[in-house]
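Asks: I am attaching a structure below and will ask some questions about it afterwards.
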Ligand SMILES: [Zn+2]
Ligand SMILES: [Zn+2]
């Protein structure tokens, strides 16, 4: 402590959180609407505002962050049902998903009606995302991985420095996304996971669209859909 005061101080600084995140469960599907922010600037992004927009706005207020963007992992109703309303409320752009999910964003009202969800609107994002793109919020940068299979236009947001990913409904703790919806393909999904997500590294932690998060390593070793047991 005494002999290395300076370096300890700088180490403490580097250990200070660079980012923060909270999860706001929304819709009857208990979808993990996620607010992620750059700690120094408190600039934030809302990922997958599926609905319950007043609840999301409350969480933003309580967290004290400034939301500058909305990011979408894919076009399913529980992830995008509140996107147009939140864009209007905050006057921020929507980025994502991949254009292959356009058919879903063109039918938000219709798919909402099937589940008794009102207030959703069809919309076009301000920016479609594709493999190799990157998006940023404050000083945080995320690489885009196009991971079709659960839906054709699913994307994953990966922050290399933080060793963190938001994987939407591609991969779950102990499971993978369902593939019985329009445009779904189980073989494509498993290929996306094996060729895009596993190579990110075992140390990468993730938040997913439903339920608890996990890490790539944990899933590589124990997820029956990846180990080949299912
Ligand atoms: Zn989904
Ligand atoms: Zn979902």
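The values are calculated or read from the model by the stated rules, or taken from the named source; none is laboratory data. Bear in mind the structure is a predicted one, so any value in this text is a computation, not a measurement. In this analysis, Cβ positions are derived from the backbone assuming ideal geometry, glycine residues included, and neighbour counts consider all displayed protein chains.
Asks: With the structure loaded, tell me whether residue 130 is away from ligand 1 (no atom under 16 Å from the Cβ), within 15 Å of the chain's Cα centre (by Cα), closer than 12 Å to residue 97 by Cβ and part of a loop (DSSP other than H, G, I, E, B) or whether it fails that test.
Replies: Judged against the criteria, residue 130 is a match.
Asks: Still on this model: Of all residues in segment 146-164, which are more than 16 Å from ligand 1 (Cβ to nearest atom) and either within 14 Å of the chain's Cα centre (by Cα) or at positive phi (or both)?
Replies: Selection gives 158, 159, 163, 164.
Asks: Among the residues of segment 146-169, write down those that are surrounded by 24 or more Cβ atoms within 10 Å (Cβ to Cβ) and in contact with a strand residue (DSSP E or B) (Cβ under 6 Å, 6 or more places away or on another chain).
Replies: Within segment 146-169, 147, 155, 156, 157, 165, 166, 167 qualify.
Asks: A further question follows. Given the residues 206, 142, 172, which is the only one that is modelled with pLDDT of 95 or more, touching a strand residue (DSSP E or B) at 6+ places or on another chain (Cβ under 8 Å) and over 20 Å from residue 29 (Cα atoms)?
Replies: The conditions single out 142.
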